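Trainee: First, the structure itself, so that you have it in front of you.
The values are calculated or read from the model by the stated rules, or taken from the named source; none is laboratory data. Because the structure is a prediction, the values reported are computed rather than measured. Positions of Cβ are generated from backbone atoms using ideal geometry, with glycine treated the same way; all protein chains shown enter the neighbour counts. Surface areas here come from the heavy atoms of the whole protein model, side chains and all, with no ligands, DNA or RNA. Shrake-Rupley method; radii C 1.70, N 1.55, O 1.52, S 1.80 Å.
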Amino acid sequence: FCFLDSLNGEVKPRILLMGLRRSGKSSIQKVVFHKMSPNETLFLESTNKICREDVSSSSFVSFQIWDFPGQIDFFDPTFDYEMIFRGTGALIFVIDSQDDYVEALSRLHLTVTRAYKVNPDINFEVFIHKVDGLSDDHKIEKQRDIHKRANDDLADAGLEQIHLSFYLTSIYDHSIFEAFSKVVQKLIPQLPTLENLLNIFISNSGIEKAFLFDVVSKIYIATDSSPVDMQTYELCCDMIDVVIDISCIYGLANSEAGLPYDKESMAIIHLNNTTVMYLKEVTKFLAMVCFLRKESFERKGLIDYNFHCFKKAIQEVFDVRIKVQQNRKLLSQRRWSKLTVTNGVLNNPH
């Protein structure tokens, strides 16, 4: 259960997936990070032990996901919950919206209160899951009811300071990707810098909306300060799928392997409402997807120049992070060598 990556000295934020049995925790992980078809998740077996996985698909999206079995007992003396919560960045609690959620709310309250006592800095995220079978009115009603009950339980315990974020999710649409995007963004210390760079880029380029996407997972790690429209986000995801799928067919030689995405990757899609979608490679893991008017796209030269400046600035942000990681690595190596020397002296007295 090492929280510090000993190879590069980087502390990876930990995301815990918790909830009752059959609430859909493992399915979420498989769909978002393993590209499993939602229909295939029907055949997944129930999780009976803690499953840990490293997600390092880009320099910004680097964390661990721990999938917990639903029947885990916090009162079991063999379960060291303090150690687990101490190194956690976000706790996602999944509630099955199609089931009776009284027991789920009780478990949520127990989990959140225990975790908060150990680590008050954890982000608590509640996924109201499997909402694909509900009408829009029913979804809102469920969210309002769960929101009220969960916060009332915290208020009764004198813990009003704990903030819970709620999301309506389903693996059968893009809502699960958007919810995970919001969770991951809170764990990126460079987020304000990225948002600021995107704001500068779009204001000087005549662009209406821009996203910075992790190509592998389709999580957007940053966007500009204007509101996110779900339909716009879905179009971005579809565009990334199209680019990757076409590149798989035409972009790779038989001898090559890996993701068919490189510094030459670029795509332009003209929608039938005079909107243009423009995708450009930022790093080997990140892509920018922009929305702009057809008349604004006529100044493509200006947009490309501004994008070049933006890409350069992003690279500088990466460089700063790499330097921090190198310093951490150096520091941890020094501590380790001092510890080894001390132990050597203690173990070999003359």
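Trainee: Just grab the label-to-label distance for Asp132 and Asn272, each label 7 Å out from Cα along the Cβ direction, in nm (one decimal).
Mentor: If labels sit at Asp132 and Asn272, their model points lie 2.6 nm apart.
Trainee: Follow-up question, since we're still on this one. Based on alpha-carbon positions alone, could you give the equivalent ellipsoid semi-axes of segment 147-233 from the gyration tensor, as √(5λ), descending, whole Å?
Mentor: Three semi-axes, in Å: 30, 17, 12.
Trainee: Sorted by mean Cβ packing within 10 Å, highest first, what order do the peptides 266-272, 175-181 take?
Mentor: 175-181, 266-272
Trainee: Going by amide H atoms built from the backbone, whose H comes under 5 Å of the H on Asn123, apart from near neighbours?
Mentor: Distant-sequence amide H within range of Asn123: Ala90, Leu91.
Trainee: In nm, to one decimal, how far is the modelled label at Leu191 from the one at Tyr305, with both set 7 Å along Cα→Cβ?
Mentor: Using points 7 Å along Cα→Cβ, the separation is 3.4 nm.
Trainee: Output the antiparallel fraction of DSSP beta bridges having both residues in segment 14-187, as a percent to the nearest 5.
Mentor: Among the beta bridges of segment 14-187, antiparallel pairing accounts for roughly 20 percent.
Trainee: Any chance you could run the full-extension gain for Lys294 through Gln161? It's 0.36 nm times the residue separation minus the Cα-Cα distance, nm to one decimal.
Mentor: 43.1 nm
Trainee: Let me ask something else. Ratio of Rg to Rh for segment 190-309, alpha carbon only, Kirkwood?
Mentor: Checking Rg against Rh, the ratio lands at 0.96.
Trainee: Something else about it: In the chain, with Lys and Arg counted as +1 and Asp and Glu as -1 at Cβ, which of these residues, Ile84, Ser106, Leu330, has the Cα nearest the positive end of the dipole, that is, farthest along it?
Mentor: Leu330
Trainee: Now a separate question. Show that you can apply the helix-only estimate: for the chain, add -39,500 (n - 2.57) for every DSSP H stretch of four or more residues, divide by all residues, and state [θ] at 222 nm to the nearest 500.
Mentor: Mean residue ellipticity, 222 nm, calculated: -14500 deg cm²/dmol.
Trainee: Related question: For the chain, with the dipole built from +1 on Lys and Arg beta-carbon atoms and -1 on Asp and Glu ones, taken about the Cα centre, which of Gly158, Ala287, Leu235 lies farthest toward the positive end?
Mentor: Ala287
Trainee: Taking the Cα centre of each part, how many Å lie between segment 28-47 and segment 145-180?
Mentor: Cα centres, segment 28-47 to segment 145-180: 23 Å.
Trainee: Enter the mean projected area of the convex hull around the alpha-carbon atoms of the chain, in nm², rounded to one decimal.
Mentor: 23.3 nm²
Trainee: On a full-extension model of 0.36 nm per residue, what is the gain between Asn199 and Arg149, subtracting their alpha-carbon distance, rounded to one decimal in nm?
Mentor: Extra length available between Asn199 and Arg149 comes to 14.2 nm.
Trainee: Report the label-to-label distance for Glu53 and Arg114 in nanometres (one decimal), using points 7 Å from each Cα along the Cα→Cβ vector.
Mentor: 2.4 nm
Trainee: Ranked highest first by the average count of other Cβ atoms within 10 Å around their residues, in what order do 65-72, 97-104 fall?
Mentor: Highest-to-lowest ranking by the protection proxy: 65-72, 97-104.
Trainee: Pop out the carbon and sulfur fraction of the accessible area of the chain as a percent, whole number, probe 1.4 Å.
Mentor: Answer for the chain is 52 percent, counting heavy atoms of protein chains only.
Trainee: Okay, moving on. Roughly how big is the chain's charge dipole about its Cα centre, with Cβ charges of +1 (Lys, Arg) and -1 (Asp, Glu), in debye to the nearest 20?
Mentor: It works out to roughly 1380 debye.
Trainee: To the nearest 0.05, how large is the calculated FRET efficiency for Met36 and Lys338 if R₀ is 41 Å and r is the Cβ-Cβ distance?
Mentor: The calculated FRET efficiency here is 0.35.
Trainee: Tally Lys and Arg at +1 and Asp and Glu at -1 over the other residues with C-beta under 12 Å from the C-beta of Val276: what net charge comes out?
Mentor: +2
Trainee: I need the Kirkwood Rh of segment 41-173: take the reciprocal of the average 1/r across all distinct C-alpha pairs and report it in angstrom.
Mentor: One over the average 1/r among Cα pairs gives 16.3 Å for segment 41-173.
Trainee: Compute the accessible area per residue over the chain, keeping the other protein chains in place, probe 1.4 Å, unit Å².
Mentor: Accessible area per residue: 52 Å².
Trainee: Now for a different question. If packing is taken as the average number of other Cβ atoms within 10 Å across a peptide's residues, how do 183-195, 124-136 rank, most packed first?
Mentor: The densest-packed peptide leads the list: 124-136, 183-195.
Trainee: To the nearest 10 square angstrom, how much accessible area does Met230 have with a 1.4 angstrom probe?
Mentor: 60 Å²
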